Amino acid sequence: FKKIQSISGTLKELNRRKIELPFHPHQKGLVDTIQWKAPTYTHLYSILTNECFAGVYAYGKRRVRYNPVLKRQTSTKLRQKDWAVFIPNHFEGYITHDEYTKNQKIIRANAFVDRSSMGAPREGSNLLQGLVHCGRCGRRMRSDYQSKYPCYSCSQDRFQTGKNPCGWANANRVDARVENIFLS
């Protein structure tokens, strides 16, 4: 990550080299095991954003509230200055706290619209930005303008595992079809 400065780029490089990372699944009964697996974007993100790798002890990073009417618990992520306990250099880390802080700035600078929301329409000619879903996996497709023709691509697998996109569709054809149906 220090060299590439991108989680997606680091993921692609790890997959290219066939490097697996330790994965700690939820405890199964009384057996607690570590499995080695090909990394995913989420796994790599959780490693790079976890302050314990920089030797920091932290507690109270989230505020949990229970709504008795909805019978639902909500969790809110707090800013670092609002954590109950924050002790840098509490134990030896894999990286220094300064390196960790630089990594967080790089990750924030690389961030884009939250994938769980529809997001605001962005620049570009695609008519159905944020509305087209993949016919294979059902996930929302992104507008892609890097090829010769604008298209919609299901790139969640690319972000998660570094694999090729699940599917894609020529945006000009899809948009024209929707326009014709709408105007009919």
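The values are calculated or read from the model by the stated rules, or taken from the named source; none is laboratory data. Please read these numbers as outputs of a predicted model, since none were measured by experiment. As a convention, Cβ positions derive from the backbone with ideal geometry for all residues, glycine included, and neighbour counts pool all protein chains shown. What goes into the accessible areas is simple: the full protein's heavy atoms, side chains included, and nothing from ligands, DNA or RNA. Shrake-Rupley method; radii C 1.70, N 1.55, O 1.52, S 1.80 Å.
Can you tell me the orientation of helix 171-183 relative to the chain, as the angle in degrees between its alpha-carbon axis and the longest Cα principal axis, to the nearest 10? Compared with the principal axis, the helix lies near 60 degrees. Per-residue SASA remark: TYR145, around 90 Å² accessible (1.4 Å probe; ligands, DNA and RNA not included). Bridgeable lysines around LYS61 (alpha carbons under 26 Å apart, same-chain partners fewer than 8 residues away excluded): LYS2, LYS71, LYS77, LYS81, LYS102, LYS105.
The fraction of all Cα pairs in the chain landing in successive 10 Å bins from 0 to the largest distance is 8, 23, 30, 23, 12, 3, 0, given as whole percents. For the chain, carbon and sulfur atoms together expose 54% of the accessible surface, with a 1.4 angstrom probe and every protein chain in place. With K and R counted +1 and D and E -1, the other residues having a Cβ less than 14 Å from that of TYR100 yield a net charge of 0. Solvent-accessible surface of the chain, taken per residue with a 1.4 Å probe and all protein chains present: 75 Å².
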